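To keep things clear, I will list the structure first and then write my remarks on it.
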Amino acid sequence: MATPLRVLLAFDMVYAVKPDHDYAEEFADRNNHETEIDVYQALKDNGYEVKRLGVYKDVRPLLDAIDEFKPDVIFNLMDTFREVTGFDKNVAALLELLDVPHTGANSAALFLCNDKGLSRKILRFHRVRGPRFHTFYRNHKVWLPKTLKLPCIVKPLTEEASRGISQASIVDDEKGFIERVAMIQQRMGLDVIVEEYIDGRELYVSIIGDARLRVLPAREMTFGQMSEDEPRIATYKAKWDDAYRGKWGIKNDFANKLEPELERRVIDTCKRAYRALNIKSYARFDLRVTAAGVVHVIEPNVNPNIAASDELAQSAAKVGITYPTLIRMIVRQALRPKEPVKVRAKKSAAAVA
Ligand SMILES: Nc1ncnc2c1ncn2[C@@H]1O[C@H](COP(=O)(O)OP(=O)(O)O)[C@@H](O)[C@H]1O
Ligand SMILES: [Mg+2]
């Protein structure tokens with residue numbers, strides 16, 4: 001029998017553990033480790049030899065595990081390092097330096113997509129629609145730009161999972177605008193992006209692939225009994241607070257069949273965004289579609305959540321890709337031959353002289 005593939009399942013934690021930690025406690029806690037639990041099981045179902053590694057704020061355990069376990073591939077679930085969201089790109093960059101294959105996005109795609117302003121600028125260059133926006137970095141003057149039409153939504157520039165997003169994020173006058181920007185800058189300590197508010201349906205479209213892209217069936221967040229005058233957005237509570245979702249009937253389910261022309265435009269928009277950002281792994285696009293059928297990319301998510309209950313896995317299951325198969329596809333994707341890294345030949349001092 002062929003020797004099984006060795007997979008190091010690396011995930012972020014908010015505390016450090018000893019090298020011989022058994023993760024029994026963490027892997028019994030679905031509330032905090034749902035994705036790790038699902039992916040670990042799926043990797044085992046595929047017959048791989050799997051080692052788990054939780055990383056907090058020291059890279060040495062990661063280096064040691066690579067040295068000792070000698071993984072063929074790292075399944076990268078590290079969304080943060082030292083609890084910093086944007087350090088996922090640094091972890092990927094480190095793995096690239098070490099020349100160890102890893103699943104998911106490369107450091108370049110993580111870098112581009114972590115910054116909602118930067119990714120939007122690239123998408124706009126490629127004529128992918130998105131709301132007009134303005135970025136406000138900390139310690140600079142804040143004003144209401146004439147180029148923006150109210151109402152707007154004020155968000156952290158580089159956060160995820162709707163952290164910092166509530167109904168109060170929608171502002172419809174200058175005072176509220178400036179106060180909310182100040183709140184995120186000062187209380188959260190983050191740079192800010194303000195975007196025009198796009199009223200409409202909220203769709204989530206996942207794509208997997210590199211040369212050939214597979215666009216999966218759209219999911220949609222619906223806002224149940226929430227009043228039409230309220231902004232219908234995926235706030236932190238709408239995403240994560242089950243009692244709140246239950247109270248308002250907020251649901252995340254498959255989108256009803258889109259009208260063919262709209263479906264074509266949604267698919268075309270997401271594929272173009274995926275290519276424009278040079279994503280080569282898997283991603284989920286958060287979209288808003290106006291009543292007139294204009295498709296806006298609100299956010300490109302590389303390395304989106306991939307627990308079995310998350311959008312990407314649900315959409316994959318809808319087209320017959322079981323969860324273990326999805327995880328295998330992601331592993332294989334990481335192992336496919338890469339474009340060679342160009343090594344520049346060093347000229348000797350004599351050749352230069
Ligand atoms: N410009 C916008 N217009 C309308 N709704 C928005 C806009 N930007 C964000 N939202 C709402 O806020 C949610 C979270 O915003 P998003 O940019 O995706 O941040 P996160 O990275 O936290 O998911 C979106 O899913 C959407 O419901
Ligand atoms: Mg989002």
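The values are calculated or read from the model by the stated rules, or taken from the named source; none is laboratory data. Predicted model, so just to flag it, every value in this text is computed and none were measured. When we count neighbours, we look across all protein chains shown, and the Cβ atoms used for this are built from the backbone with ideal geometry, even at glycine.
Results, tabulated for the structure shown:
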{"item": "In the range 278-307, the residues that are in contact with a strand residue (DSSP E or B) (Cβ under 9 Å, 6 or more places away or on another chain) and more than 15 Å from ligand 1 (Cβ to nearest atom)", "result": "ILE279, LYS280, SER281, TYR282, ILE306"}
{"item": "The range 134-158, residues that are under 13 Å from ILE170 (Cα atoms), buried (at least 17 other Cβ atoms within 10 Å of the Cβ) and either aliphatic (A, V, I, L, M) or at pLDDT below 95 (or both)", "result": "ILE153, VAL154"}
{"item": "Complete set of residues in the range 52-62 that are surrounded by fewer than 18 Cβ atoms within 10 Å (Cβ to Cβ) and touching a Leu at 6+ places or on another chain (Cβ under 8 Å)", "result": "VAL59"}
{"item": "So GLY246, is it over 22 Å from GLU196 (Cα atoms), surrounded by fewer than 17 Cβ atoms within 10 Å (Cβ to Cβ) and either within 15 Å of ligand 1 (Cβ to nearest atom) or small (Gly, Ala, Ser) (or both)", "result": "yes"}
{"item": "Verdict on SER227 being more than 10 Å from ligand 1 (Cβ to nearest atom), more than 20 Å from ILE298 (Cβ to Cβ) and among the hydroxyl-bearing types (Ser, Thr, Tyr)", "result": "yes"}
{"item": "When residues of the range 214-257 are limited to those that are part of a loop (DSSP other than H, G, I, E, B), in contact (Cβ under 8 Å) with a residue 60 or more places away in the chain and under 15 Å from SER166 (Cα atoms), the one nearest to ligand 2 (Cβ to nearest atom)", "result": "ALA234"}
{"item": "Residue match in the range 143-154 (condition: within 16 Å of ligand 2 (Cβ to nearest atom) and either under 28 Å from the mean Cα position of the chain (by Cα) or part of a helix (DSSP H, G or I) (or both))", "result": "yes"}
{"item": "Test: residue in the range 180-190 that is crowded, with 19+ Cβ neighbours inside 10 Å, in a helix (DSSP H, G or I) and either free of Cβ contacts under 8 Å to residues at least 12 places away in the same chain or touching a Lys or Arg at 6+ places or on another chain (Cβ under 7 Å) (or both)", "result": "yes"}
